[in-house]
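Here the structure is laid out as structure tokens; the discussion comes afterwards.
The values are calculated or read from the model by the stated rules, or taken from the named source; none is laboratory data. Remember, predicted model here, so these are calculated numbers, not experimental data. FYI the Cβ positions are ideal-geometry reconstructions off the backbone, even for glycines, and counts take in every protein chain you see.
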Amino acid sequence: MNSKAQAGLEYLMTYGWALILIAAVIGVLVFVTSSPDSDITFSSSDPTKIMIKSGNLYAATITVIVQNITGGNIAIPFSNR
């Protein structure tokens, strides 16, 4: 039993760094290639007359800051898909 434990320990000491490296590379690839569940898209019927200053999605709250360049009113229709 002692020789099996020593053989396992020697294997991990020799190849453990490679196993950690492989696990790290797989983790990075999964993180980079995964896409979020939903994307936030901003659109306007006339993009030259509206400026989207910022947008933020935190938990279930969406914050969008827009500026109407023409000085008129902004109407934001809400659709819950």
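Contact annotation: residue pairs with Cβ atoms under 8 Å, 6 or more positions apart or on different chains, pairing a residue in segment 55-74 that is of a type in the set (Ser, Thr, Tyr) with a partner that is exposed (fewer than 11 other Cβ atoms within 10 Å of the Cβ), are 63/54; 63/56. Each residue in segment 22-48 was checked for being modelled with pLDDT under 75 and either surrounded by 10 or more Cβ atoms within 10 Å (Cβ to Cβ) or in a strand (DSSP E or B) (or both), and 4 of them qualify.
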